[in-house]
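Report on one structure; see the data block that follows.
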């Protein structure tokens with residue numbers, strides 16, 4: 001089943017990089033620098049950032065449907081120098097070789113299936129979920145910390 005994974009729109013975050021530390025704190029965000037490679041995956045480029053790269057750590061509403069009990073937000077990292085990643089029928093670099101929690105949602109933003117997978121198993125779970133016509137999209141979360149990683153949709 002063909003699928004695509006798109007990074008978040010960088011325009012949503014670009015103005016935040018111009019804010020001072022106090023202004024960022026006022027909106028619940030922090031400027032951070034990756035203290036090791038692969039520690040802060042960027043949700044815009046969907047890549048693993050290099051050590052020393054500047055990012056923002058902020059809250060993002062990834063499941064915004066107000067009528068859903070699964071409405072959710074959580075922390076994400078966004079790198080300053082990122083453009084939106086777009087992947088078709090493959091996992092972005094930041095999702096490869098990671099334990100992921102995959103949650104399949106219907107059009108009312110209700111969970112219809114969920115699974116934990118890693119490596120090559122992830123593609124099999126995505127195919128199984130998207131074979132169900134009830135599934136509108138899949139949200140991937142990093143299983144250990146629970147942070148939203150990316151949305152997976154039919155292509």
Item to check | segment 46-73 residues near the modelled residue 22 label - backbone nitrogen below 20 Å, point 7 Å along Cα→Cβ | outcome: none
Next on the checklist: Below 8 Å, C-alpha to C-alpha, sequence gap of six or more: please give me the relative contact order for segment 1-80 in percent.
Outcome noted: 27
Checklist entry - Which value at 222 nm does the chain reach when only helices count, each DSSP H run of 4 or more adding -39,500 (n - 2.57), with the total divided by all residues and rounded to the nearest 500 deg cm²/dmol? => result -3000 deg cm²/dmol
Item to check | Where labels lie 7 Å past Cα in the beta-carbon direction, separation of residue 144 and residue 131 in nm | outcome: 3.1
Next on the checklist: Under a crude label model (7 Å from the Cα following the beta-carbon direction), how far is residue 90 from residue 61 in nanometres?
Outcome noted: 3.5
Checklist entry - Can you sort 147, 40 by how many other beta carbons sit within 10 Å, fewest first? => result 147, 40
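Readers should treat all values here as calculations from the given coordinates under stated rules, not as data from a laboratory. Everything quoted here is computed from the prediction, not taken from an experiment. Every residue, glycine as well, gets a Cβ built from its backbone with ideal geometry; the counts of neighbours run over all protein chains shown.
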